[in-house]
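The structure appears right after this line, and notes come after that.
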Amino acid sequence: MKQYTIAVIPGDGIGPEVINESLKVLNRISQLDGTFSFRFDTYPWGCEYYQKTGEMMPANGIDILRPYDAILLGAIGAPGVPDHISLRDLLLKIRHDFDEYVNLRPVKLLSGAPCPLKNAKPGDIDMVFIRENSEGEYSGQGAWLYPDSPQEVVIQDSVFSRKGTERIIRYAYEMARSQHKTLTSISKGNALNYSMVFWDQIFKEVGKEYPDVETHSLLVDAAAMFMVRNPSRFQIVVTSNLFGDILTDLGAAISGGMGLAAGANLNPERKYPSMFEPIHGSAPDIAGKGISNPLAAVWSAAQLLEFLGYPQWSARILNVIETMLVEKKGLTADLGGSASTVECGDMVVSLLG
Ligand code: IPM
Ligand code: MN
């Protein structure tokens, strides 16, 4: 029997609660399938660890994670530790050091999921965001000059390399081609006269290799408007790190809320482990109450299964989530139900069969 080794970083806030449910689901699926199993090794890294040790993870944390088949992450961030430290030293470090340059975020309105858009039906909102995940506005480069003085200046550099830009755009074209979908590139060349003009140019250049793919190019401000007014125009979407960050929260808002928003940080070459996480964050205000919605974490576990080569199980999980939404069974309060985190996870497990 094939065994996958998974490093689990439950993290902070509601991270541990929601991750527990996704582990239950993965274990149930390995039982049902019978051809593979998981070994989960849990690492207690995060803000509590930081408060004890002064580090978000041990200095050799990356070496510890490297041999795993994948990483499951709950959420990072807690009051008392500045976000730019906790996130840069753990979440962003893993994304960067493992060259997880694809951040794949489905924005799909399932039947039964709440949607604030008046006329939107499930089939109308069905896109995949491919967010550049290794550089761009998140390069972490810059300077802070003359602090606390009238001359104070801060510089936050964006870095767009040819390699980094080409590979994310090519990944998106490949997906659009293989799924026979349209591809929309989102940028901002009218104002960002270096980075985004370059992005648009690479989008056109790479596109010459994909004459079969229908493409669109949008400015990010217009794209935000269209996501609300006419979301069905988007299928596969490729965009930069920061624009992808912002637009996928908007995407979550129009497709059931943060409680259903999943994301995969992929190293497509599989040279390093990829990481799967709900995108909602640690939500310290509701942590420990047992009311957080584990379905985003469960959906990200479905992405893991797809990445490991089990698309049928991934589809099965989505099917179960959709059944729960339609029949209003086992849902947590954010989705109008009264189930606890654990009851919601139990419902997924029981509906899996
Ligand atoms: C996300 C989060 C992170 C990001 C934060 C926590 C650094 O918002 O995964 O979308 O900006 O990438
Ligand atoms: Mn975000």
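The values are calculated or read from the model by the stated rules, or taken from the named source; none is laboratory data. Everything quoted here is computed from the prediction, not taken from an experiment. Counting neighbours? That spans all protein chains shown, and the Cβs are built from the backbone with ideal geometry, glycine included.
Brief remarks on what is shown
- If the condition is being under 17 Å from residue 111 (Cα atoms), of a type outside the set (Val, Ile, Thr) and buried (at least 16 other Cβ atoms within 10 Å of the Cβ), then segment 330-353 contributes 330, 331, 334, 335, 337, 351.
Quick grid of which residues meet (1) touching a helix residue (DSSP H, G or I) at 6+ places or on another chain (Cβ under 6 Å); (2) within 16 Å of ligand 1 (Cβ to nearest atom); (3) of a type in the set (A, V, I, L, M):
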| position | (1), (2), (3) |
| --- | --- |
| 237 | no, yes, yes |
| 256 | no, no, no |
| 263 | no, yes, no |
| 268 | no, no, no |
| 316 | no, no, no |
| 340 | no, no, no |
| 348 | yes, no, yes |
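- Condition met for residue 116 (within 30 Å of residue 329 (Cα to Cα) and modelled with pLDDT under 95): no
- Restricting segment 114-136 to residues that are farther than 19 Å from residue 270 by Cβ, under 19 Å from the mean Cα position of the chain (by Cα) and hydrophobic (A, V, I, L, M, F, W, C), the residue that is nearest to ligand 2 (Cβ to nearest atom): 129
- Qualifying residue in segment 80-90 (condition: in contact with a Leu (Cβ under 8 Å, 6 or more places away or on another chain) and surrounded by fewer than 22 Cβ atoms within 10 Å (Cβ to Cβ)): no
- Of all the numbered requirements in (1) part of a loop (DSSP other than H, G, I, E, B); (2) over 27 Å from residue 87 (Cα atoms); (3) more than 23 Å from the chain's Cα centre (by Cα), residue 181 misses one, and that requirement is (3).
- Matching entry among 95, 162, 105 (being touching a helix residue (DSSP H, G or I) at 6+ places or on another chain (Cβ under 9 Å), among the basic types (Lys, Arg) and within 16 Å of ligand 2 (Cβ to nearest atom)): 105
- Test result for residue 255, more than 16 Å from ligand 2 (Cβ to nearest atom) and either small (Gly, Ala, Ser) or at pLDDT below 95 (or both): no
- Candidates are the residues of segment 258-283 that are among the aliphatic types (A, V, I, L, M) and in a helix (DSSP H, G or I); the one that is farthest from ligand 2 (Cβ to nearest atom) is 260.
- When residues of segment 52-82 are limited to those that are closer than 20 Å to residue 17 by Cβ and not hydrophobic (A, V, I, L, M, F, W, C), the one farthest from ligand 2 (Cβ to nearest atom): 80
- Test: residue in segment 140-160 that is away from ligand 1 (no atom under 16 Å from the Cβ), closer than 30 Å to residue 327 by Cβ and without any contact (Cβ under 8 Å) to a residue 24 or more places away in the chain: no
- For segment 85-126, a residue qualifies if it is within 16 Å of ligand 1 (Cβ to nearest atom) and over 25 Å from residue 49 (Cα atoms), and the qualifying residues are 101, 102, 103, 104, 105, 106, 107.
- Among the criteria (1) within 16 Å of residue 236 (Cβ to Cβ); (2) polar (S, T, N, Q); (3) buried (at least 20 other Cβ atoms within 10 Å of the Cβ), the one residue 178 does not fulfil is (3).
- Strands (runs of 3 or more DSSP E) fully within segment 54-150 that include at least 3 residues being within 22 Å of residue 260 (Cα to Cα): 70-75, 102-108, 126-132.
- Looking only at segment 43-53, and only at residues there that are assigned to a helix (DSSP H, G or I) and not acidic (Asp, Glu), the one that is surrounded by the most Cβ atoms within 10 Å (Cβ to Cβ): 47
- For residue 263, the test of being within 24 Å of residue 109 (Cβ to Cβ) and either in contact with a Phe, Trp or Tyr (Cβ under 7 Å, 6 or more places away or on another chain) or at pLDDT below 95 (or both) is failed.
- Any chance residue 308 is closer than 23 Å to residue 178 by Cβ, among the hydrophobic types (A, V, I, L, M, F, W, C) and at pLDDT 95 or above: yes
- Residues that are exposed (fewer than 15 other Cβ atoms within 10 Å of the Cβ) and farther than 21 Å from residue 246 by Cα within segment 107-125 comprise 111, 118, 119, 121, 123, listed in sequence order.
- Cβ-Cβ contacts under 6 Å between residues 6 or more apart (or on different chains), taken from a first residue in segment 229-251 that is assigned to a helix (DSSP H, G or I) to a second residue that is near ligand 2 (Cβ under 10 Å from one of its atoms), are listed as 244/131; 248/105.
- Residue 286 buried (at least 18 other Cβ atoms within 10 Å of the Cβ), in contact (Cβ under 8 Å) with a residue 24 or more places away in the chain, more than 16 Å from ligand 2 (Cβ to nearest atom) and more than 29 Å from residue 68 (Cα to Cα): yes
- Odd one out for residue 235 among (1) farther than 16 Å from residue 250 by Cβ; (2) over 20 Å from the mean Cα position of the chain (by Cα): (2)
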